[in-house]
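A.B. asks: Have a look at the structure that comes next, please.
The values are calculated or read from the model by the stated rules, or taken from the named source; none is laboratory data. Here the structure is a predicted model, which is why all the values come from computation and not from measurement. Note that each Cβ is placed from the backbone with ideal geometry, even for glycine, and that neighbours are counted across all protein chains shown.
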Amino acid sequence: MLLVAGPFQSNNQTMKKILDAAHPKTCLTCNHIIRGRTDKKFCDDYCRSAYNNKHTSKKLSYIRSITNKIIKNRSILEKWANKKRNPISLYDLLSDGLSLSYATEYINQPVGNPYVFCYEYGYQLLPGNNCRILKRKTTAETGIIHQNLIP
Ligand SMILES: [Zn+2]
C-alpha cells in the first residue's frame, strides 16, 4: 500500500485554504482583502451596495439614452402632426433631429414602406424623400388602432 505524505494528501478544502492564503480574495468595490467565508465578494454591506448601484446605474443609463431618443422622435412627429401639413419633407424631420434608427414599432404595409412608430406618432417614408405623418387613435376598449391622423 502506498501512503502519500505532505500537505496535499488531505481533502480539497485544505487545498483551497492554501491557495486562498497565497492569493487572498479582494473586495470588488474597494480591493481590500476579504476575511471570512470563501464565497464573499465584498468586505461589507456598504461595498456590496455601492457595487450594485454602480452597475445598475450603468445599465439604466444605456436604457435611458435609447428611451430619450425615441421620446425625442415622438415629440418631433407630434410637432409636425399638429401643423396639419401632410406629407412633409423628410429633411424637415431630419433637421429637427429625428433619428431613423430608433422607434417603438415597425408595421409592414401591403404597399409602400412600413409605418414607423414612436409610441402613438409615426411616419411612412414616401417616394421623393417625403414622409406621411401618422398618429394612432387609442380607445379604452380596443387599445391601439393604427390610423392616420391627417388624410
Ligand atoms: Zn470593500
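A.B. asks: Within segment 37-44, can one find any residue that is touching a Phe, Trp or Tyr at 6+ places or on another chain (Cβ under 7 Å), within 16 Å of the ligand (Cβ to nearest atom) and on the phi < 0 side of the Ramachandran plot? Please lay out each step first, then the result.
C.D. replies: Keep residues of segment 37-44 that are touching a Phe, Trp or Tyr at 6+ places or on another chain (Cβ under 7 Å), which gives 42.
Pick out the ones that are also within 16 Å of the ligand (Cβ to nearest atom) and you get 42.
Checking which are on the phi < 0 side of the Ramachandran plot leaves us with 42.
Yes.
A.B. asks: Taking the condition of being over 21 Å from GLU105 (Cβ atoms), assigned to a helix (DSSP H, G or I) and not polar (S, T, N, Q), how many residues in segment 32-87 meet it?
C.D. replies: Matching residues across segment 32-87 total 11.
A.B. asks: Same structure, new question: Name the single residue that is farthest from LYS72 (Cα to Cα) among those in segment 118-129 being out of contact with any Gly (no Cβ under 9 Å at 6 or more places or on another chain) and outside any loop (DSSP other than H, G, I, E, B). Lay out the reasoning, then the answer.
C.D. replies: First pass over segment 118-129, keeping only residues out of contact with any Gly (no Cβ under 9 Å at 6 or more places or on another chain): 118-123, 128-129.
Now restrict to residues that are outside any loop (DSSP other than H, G, I, E, B): 118, 121-123.
Working: CYS118: 9, TYR121: 11, GLY122: 12, TYR123: 14 Å.
The selected residue is TYR123.
A.B. asks: In addition: Would you check if there is a residue in segment 54-63 being away from the ligand (no atom under 16 Å from the Cβ), modelled with pLDDT of 90 or more, among the hydrophobic types (A, V, I, L, M, F, W, C) and loosely packed, with under 14 Cβ neighbours inside 10 Å?
C.D. replies: Yes, because at least one residue in segment 54-63 is away from the ligand (no atom under 16 Å from the Cβ), modelled with pLDDT of 90 or more, among the hydrophobic types (A, V, I, L, M, F, W, C) and loosely packed, with under 14 Cβ neighbours inside 10 Å.
A.B. asks: Are there any pairs, at least 6 apart or on different chains, whose C-beta atoms fall under 8 Å, with the first in segment 88-117 and within 15 Å of LYS72 (Cβ to Cβ) and in the same structural domain as ARG64 (by TED's automatic domain parsing) and the second among the small types (Gly, Ala, Ser) and surrounded by 11 or more Cβ atoms within 10 Å (Cβ to Cβ), and if so, which?
C.D. replies: Hits for this filter: ALA103/GLY122; VAL116/ALA103; VAL116/GLY122; PHE117/ALA103.
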